[in-house]
1. Take every DSSP beta bridge with both residues inside the protein assembly as shown and express the antiparallel ones as a percent of the total, to the nearest 5.
2. Would you please report the Å³ per residue occupied by the convex hull of the alpha carbon atoms in the stretch A:296-391?
3. When the helices in chain A are scored as -39500 (n - 2.57) per DSSP H run of 4 or longer and the sum is shared across all residues, what 222 nm value do you end up with, to the nearest 500 deg cm²/dmol?
4. B:S22 versus A:H400, label points 7 Å from Cα toward the beta carbon: distance in nm?
5. What angle do you read, to the nearest 10 degrees and between 0 and 90, between the alpha-carbon axis of helix B:137-146 and the longest principal axis of chain B?
6. Tell me, A:V361, B:V134 in order of fewest to most beta-carbon neighbours within 10 Å?
7. Tell me, what ³J(HN,Hα) does each residue in the stretch B:83-93 have, in order and in whole Hz, if you take phi through Karplus 6.51 cos²θ - 1.76 cosθ + 1.60 with θ = phi - 60° and put x for Gly and Pro?
8. Modelling each spin label as a point 7 Å along the Cα-to-Cβ direction, I'd like the A:F388/A:T341 distance in nm, to one decimal.
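Every read-out reported here was derived from the displayed coordinates using simple, explicitly stated rules and does not represent laboratory data. Please read these numbers as outputs of a predicted model, since none were measured by experiment. Cβ atoms come from the backbone with ideal geometry, glycine included; neighbour counts cover every protein chain shown.
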Amino acid sequence: MRIRLFLICIYLLILVTNCYAKLFFVGANESLHSIQEAINLAQNGDTVIIRNGIYKEHDLFLSKSIHLIGEKNALIDGEKFSGILVSETSNFSISGLSFTNIGVSYTSDLAAIKVSKSTDFIIEDCRLENVFFGILIEKSKRGSIRNNHVSSVRINEASSGNGIHIWSGDDMEVHDNELFGLRDGIYFEFVKNSRVYSNFSHDNLRYGLHFMFSNSNLYHHNTFNNNGSGVAVMFSKFITMHDNTFQFNWGSASYGLLLKEIYDAEIYSNTFEQNTIGINAEGSTRINYRNNRFIRNGWAVKIAGACYANNFSKNDFMSNSFDVAYNSKENDNSFDKNYWTDYSGYDLDKNGIGDIPYRPVKLFSFIVNNSPEALVLLRSLFVELVNFSEKVTPVFTPSHLMDTNPLMRKIND
Amino acid sequence: MKKTIRLIGVLLIALILISCTSEPEPIEFGKDYCHYCKMNIVDKTHAAQYVTSKGKQFKFDSIECLVNELKSKDKQELAHILVANYSNPGELIPAANASFLISSAIKSPMGMNLSAFKEEKMALEMSQKHDGVVYSWQTLTQFISEK
């Protein structure tokens, strides 16, 4: 009985694929030589397979629910004329194709793949090289962009575009992509309820990842290396960031993570290593920082004006030149149970918590904030003396900004 | 010996004089940071800057950042206020003589969709082509401060 049912299923499946979904092949040895021709012939639900080879085509237009599949080494060369593929439909997929040489323009956003007003689509396993914009998505929903490789050569900064740029989107998923040599690796503008994970965004001009006016998003397990700055989250609410790595963002004012006008965010289990500034927060309120590791940064955390009700707990601050910088005397943020390598107190009752509180803001960091040139005095005897005297009697630094329960051992691996 | 000392003296004075000018420094795209929003400046079509009469340089990634910053500044102390010319990327022009366009067809870095043109004709042309409103520097600052 079971076997019979199985056979019927198979039969139905063959019937369905035979009757409804047609296959079109494009290639030098096939009847169809151009991709646009195949797209024009295909109906909803059909599949177009693009054979190995180089196709010099641009401004392809996709308005039907079809699947474009590239064989290995199927490459579309836009010859720098303009964008390559524009799609305005739903239920389609693009996979395994390579794109190269996108035109550059100051006034229009030319992209290798542009998706507009579409729903339910997949873009996967594509290789986009020498792009202006890589994948540009606007006013779309329920898209998945995965396993792609997007890169460009950043000769002229201003003429660079973004790798994956989503403008006005909902329920999008961006994962396992590699992005480099672009302006922003991934840029979300007016995007909500979306997820960004396991991406590797490196050597980009501006940011590895950039959120602007985008609420209720989640990003995790991404790595951001060597970008102009790591990640910028601006004017957004309810963003969760966890298990990301922010590394090697060096520059006069570079940072691993910029928070500007952010409310109600959760930041946990991230690693900030060797950045000029680990986290630069401005106008950020109700943010919980926990179990993060700050390793060998210039400043681990720099807090500028109007940051309220932020909570730092169980973070490891290891070998940073400055742990926390603060530019005002007011403090509404709490530090509790963190580990600080600079802590020199003792633990007589052996409960793992230091017996005297730790003050993460040094007077010298306060001075440097006001006049950055003073930085040349770092590590001098004079500065040590100044810091010591402030530690004993705080005058300039917020007196109640301290960790009353500093841990004796680091807690996160 | 005396000559060398004199020469060094003259050079030093020259150096001091040079470093006192309030001429605008060129923006290093990709390296400089916006004074207002802390973003890297990369967009040659929307950058802006001002220089105080004492020669202090302030650079911005977008015109809306410049305008927002200037709200709290004394206009008397400013030597230059410059904005990027959209029709010639990389060129900075005096804000007072520029024409401004807010149009959803041209996106600017901070979301106000604001760009500047050297010629009013170009701004009007673009506004007709893409829908948008043209402002002068004065009406623009007024519009933003009322917002």
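1. Taking every DSSP beta bridge within the protein assembly as shown, about 15 percent pair in antiparallel fashion.
2. About 108 Å³ per residue, rounded to a whole number.
3. -3500 deg cm²/dmol
4. 4.4 nm
5. Value to nearest ten degrees: 70.
6. Neighbour counts put them in this order, fewest first: B:V134, A:V361.
7. So the J values, rounded to whole Hz, are 10, 6, 7, 4, 7, 9, x, x, 8, 10, 10.
8. Placing both labels 7 Å along Cα→Cβ, they lie 2.2 nm apart.
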